[in-house]
Amino acid sequence: LELESVPEWTLLFWTSLAVIVPVIITLWCSAQRSKRKTHMKDFFRKSKHGWHYTDLFNKPTYCCVCSQHILQGAFCDCCGVCADELCLRRADRSLSCKEIMAPSSPDGGMGHRWVRGNVPLASYCAVCKQQCGSQPKLCDFRCVWCQTTVHDDCMDSLADAAQCDLGEFHSLIIPPHYLYRVNKLRRRHPDEYSKVFDLSELIPSKALQLCTLLPPGSVRVLVCGGDGTVGWVLDAIDTMKLKGQDQFIPRVTILPLGTGNDLSNTLGWGAGYAGEIPVEQVLRNVLDAEVVKMDRWKVQIASKGLYFRKPKVLSMNNYFSVGPDALMALNFHTHREKTPSFFSSRIINKAVYFLYGTKDCLVQECKDLDKRIELELDGERVALPSLEGIIVCNIGYWGGGCRLWEGMGDEPCPPTRLDDGLLEVVAVFGSFHCAQIQVKLANPVRLGQAHTVRLVLKSSKMPMQVDGEPWAQGPCTITITHKTQALMLYHSAEQTDDDDDESTASEAESPTPRDSPRSLGATSTRA
């Protein structure tokens, strides 16, 4: 009876209010969050700290200003200072970040740079050897350089003359007094060498000039990315060689974050990294790695009929291909350019590759390639079977982890090496054949090894790729010749294949003898 007595417009009003008010509140919060994010971004850009904002810390964290427990706030990825949102500006003013360029103490040593609280889990006091950071509050100290931790009560017992030795990874850190001293000698470019380099703003060749300020032969570069990123850095190193800076050439190692990561796999760094290995262990592996030489190749593409235009020249580290695998890469690249946000996962990327491969099995766009192309190995013409693709390899792995040249190991073949100046050339019969090779149900057709490879595309347009960078190419002549050698780091301790019975193939593929020279002490910056 009471409900019947309530006017219909009253029910309608309260129902509408119950729907509209949450929507308005949500929109207002979203607008405020967007406004705050823009404001924070501008503040972080001007700060000397490397602030990163987070809505939720992954472990108990306390503000270095007010000492209160925080969930939302920011942390500096350089010095480790943490602050909640209200204390952020005060933290930026009162708590200085560690300096990557500073004079040494009068005695020539380097003092500790202490930050209070939020010490790493399972850390121990350098004085009493008891666990630090075990109390639910802002407590204890950590040196941002050597990572030494000390209790609040033990700080007074620490020797006043104690010097910072930069810790376990001292050979991976450029001491700030070294940069300060070098910068005084380089008065002409004081600002140039005081930065930490951001590759989203500077090209690698600019950043690698830092190598010329360090002892010759002492620098290692860790490339966090895919094979394309590695090639980008190696091209920059070639620029250093052209400038006559060979003695400062760095050794290159890889943290595989790309989709294929075939070069990383060949050098023993695995097929992909997803945080399963602690960063400290990654650095230890870099310290223990062997120096090997890797051939790099020049790919010249002279289009038919364009005799007065200079040939297109590309650098190759992994492989060149024409045919179905290049077609899949071209389709993937085209769609990634249109919607880059969709291709943010390694699993999604591989799934898209699979879909394009399945499509080509039905369409067969590269059919009868043998009738449209000629192949020469070291000047000798090679008779081609009925095929759809040709792959020219410099490294042992192809297609995201497949040993292409060795195949299933049922036929004897010359071993592959990174430094022998030879390329391995194989043929495939189509996308389905490529898939069979990748799951070890078939072998490619080995066409031979050569110091120089020449391909002539006589007619039509075909998909091609160099190290995962694809394009559609009309009639042309392609010549692949040796360019130079790069100094890479090879991690021999990590098994890069799941099958134990292929360990002999892995040994045959070993890029360098076991008595190769080990790298010198390495140095690096925050970059």
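Taken together, the values in this text are just the output of simple stated rules run on the coordinates, not laboratory data. What you see is a predicted model; the values in this text were computed from it and never measured. Heads up, the Cβs are rebuilt from the backbone with ideal geometry, glycines too, and the neighbour counts pull from every protein chain shown.
Values as computed for the structure displayed
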item: Relative packing of peptides 452-459, 249-256, 101-108, 317-324 - highest average C-beta neighbours within 10 Å first; result: 317-324, 249-256, 452-459, 101-108
item: Efficiency of FRET between Ile20 and Met155 - r from beta-carbon atoms, R0 41 angstrom, step 0.05; result: 0.10
item: Shape category assigned to segment 203-337 from the gyration tensor of Cα positions, a/c cut at 1.5; result: oblate
item: Cα gyration tensor, segment 417-469 - rounded (a/c under 1.5), prolate or oblate; result: oblate
item: Relative packing of peptides 381-388, 74-81, 477-484 - highest average C-beta neighbours within 10 Å first; result: 74-81, 477-484, 381-388
item: Vicinal HN-Hα couplings computed from phi for segment 429-440 (Karplus, 6.51 cos²θ - 1.76 cosθ + 1.60; Hz; Gly/Pro x); result: 8, x, 5, 5, 5, 4, 5, 5, 5, 5, 9, 6
item: Distance in nm between pseudo-label sites at Arg45 and Ala102 (7 Å out along the Cβ direction from Cα); result: 2.8 nm
item: Residues of type lysines that Lys184 reaches as a straight line, Cα spacing below 21 Å, ignoring anything fewer than 8 places off in the same chain; result: Lys98, Lys195, Lys206
item: Cross-link reach list, lysines versus Lys367, counting only Cα pairs under 20 Å and skipping chain neighbours closer than eight places; result: Lys359, Lys458, Lys461
item: Simple label model, 7 Å out from Cα along Cβ direction - Arg309 to Leu12, nm; result: 6.9 nm
item: Amide H partners (placed H, <5 Å) of Ile174, local residues excluded; result: Ser524
item: In order through segment 199-212: 3J(HN,Hα) via Karplus (6.51 cos²θ - 1.76 cosθ + 1.60), integer Hz, x for Gly, Pro; result: 5, 6, 10, 10, 6, x, 4, 5, 5, 6, 5, 4, 4, 6
item: Distant-in-sequence amide H partners of Lys98 (H built 1.01 Å from N, under 5 Å); result: Cys79
item: Radius 15 Å from Cβ of Ser315, net charge of other residues (Lys, Arg +1; Asp, Glu -1); result: -1
item: Backbone HN-Hα couplings from phi across segment 262-275 [Karplus 6.51/-1.76/1.60, Hz, Gly and Pro as x]; result: 5, 5, 4, 5, 4, 8, x, 9, x, 8, x, 10, 10, x
item: 5 angstrom amide H check on Gly448, placed H, neighbours 5+ away; result: Val425
